[in-house]
1. Divide by every residue of the chain the summed helix terms, -39500 (n - 2.57) for each DSSP H run of at least 4, and state the resulting mean residue ellipticity at 222 nm, rounded to the nearest 500 deg cm²/dmol.
2. Need one number: nm distance between label points at residue 47 and residue 142, each 7 Å from Cα along Cα→Cβ, rounded to one decimal.
3. Using only the alpha carbons, work out the radius of gyration and Dmax of the chain in angstrom.
4. What is the diffusion coefficient of region 49-90 in µm²/s, taking the Kirkwood radius over Cα pairs and the Stokes-Einstein relation at 10 °C with a viscosity of 1.306 mPa s?
5. When the chain is treated as a GNM, springs tying every alpha-carbon pair under 10 Å, which of 183, 168, 95 comes out with the largest mean-square fluctuation?
6. Would you mind ranking 28, 224 so that the residue whose beta carbon has the fewest other beta carbons within 10 Å leads the list?
7. Mind jotting down the distance between the C-alpha centroids of region 10-61 and region 202-232, whole Å?
8. Test of understanding: ordering 182, 159, 100 by Cβ neighbours within 10 Å, fewest first, what list do you get?
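Bear in mind these aren't lab numbers, they're just calculated from the coordinates by the rules spelled out. Here the structure is a predicted model, which is why all the values come from computation and not from measurement. Please note: Cβ atoms are built from the backbone with ideal geometry, for glycine as well, and neighbour counts cover all protein chains shown.
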Ligand SMILES: C[S@@+](CC[C@H](N)C(=O)[O-])C[C@H]1O[C@@H](n2cnc3c(N)ncnc32)[C@H](O)[C@@H]1O
């Protein structure tokens with residue numbers, strides 16, 4: 001029997017099983033929403049902030065770290081999937097294999113002084129408050145956090161927090177292991193960001209260039225001091 005308590009372990013295990021298929025899908029441009037909108041959106045959002053030291057949380061096979069390096073921005077990618085981190089390192093760049101649980105226990109294991117942390121479709125668990133609070137401790141006082149996640153209209157109903165399953169239909173013909181992931185409403189995102197010590201600065205909704213339908217939510221938050229609800 002499996003239940004919600006098992007979902008985080010199944011989630012991370014799926015990224016072990018799916019590492020080769022995921023790497024091939026990302027690098028071949030097989031995922032339409034990424035090709036058409038969301039890759040460019042997250043890259044632009046990071047570059048707009050002119051960061052000095054970026055942490056790419058849940059970096060996968062490392063495309064964003066490499067894209068930033070090509071533009072002269074230093075970035076470290078961390079991910080809990082050993083085969084994905086190995087694929088990332090083989091393609092070049094700075095990477096570390098660390099699970100979110102390990103980061104919660106000792107965030108300084110990936111360094112400190114990050115003025116930007118980016119999580120591109122990588123905050124997939126229910127309990128993300130301890131992770132966000134731990135990351136805040138290794139960020140600069142004026143640091144920013146960028147989170148891109150599936151848009152509620154793209155995710156479909158019901159519009160309520162809860163575990164769902166991604167079967168990777170439409171991601172290519174490989175044999176995928178289904179991935180549990182936790183959908184949260186906009187209010188839930190704001191609540192967890194605030195509770196972890198961040199204030200929302202901006203919200204973008206990258207959309208399909210021809211059809212106009214929103215594909216993702218891109219939340220831009222800053223480290224908030226003394227409970228400030230606005231960013232400098
Ligand atoms: C959808 S992929 C996104 C990868 C990358 N950010 C990108 O844009 O291609 C989600 C990533 O989050 C990582 N991840 C999920 N849960 C994790 C956990 N508990 N600890 C560490 N990494 C985790 C997975 O290994 C996977 O690489």
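1. Working: 9 runs with 78 residues, N = 232.
Value at 222 nm, helices only: -9500 deg cm²/dmol.
2. Output for this residue pair reads 2.2 nm.
3. 16.6, 50
4. On the way: Rh = 10.3 Å.
Roughly 155 µm²/s, to the nearest whole number.
5. 168
6. Working: 28 10, 224 20.
If I rank by nearby Cβ atoms, fewest first, I get 28, 224.
7. Taking the Cα centre of each part, region 202-232 and region 10-61 sit 17 Å apart.
8. On the way: 182 19, 159 11, 100 26.
Least to most surrounded, the residues fall as 159, 182, 100.
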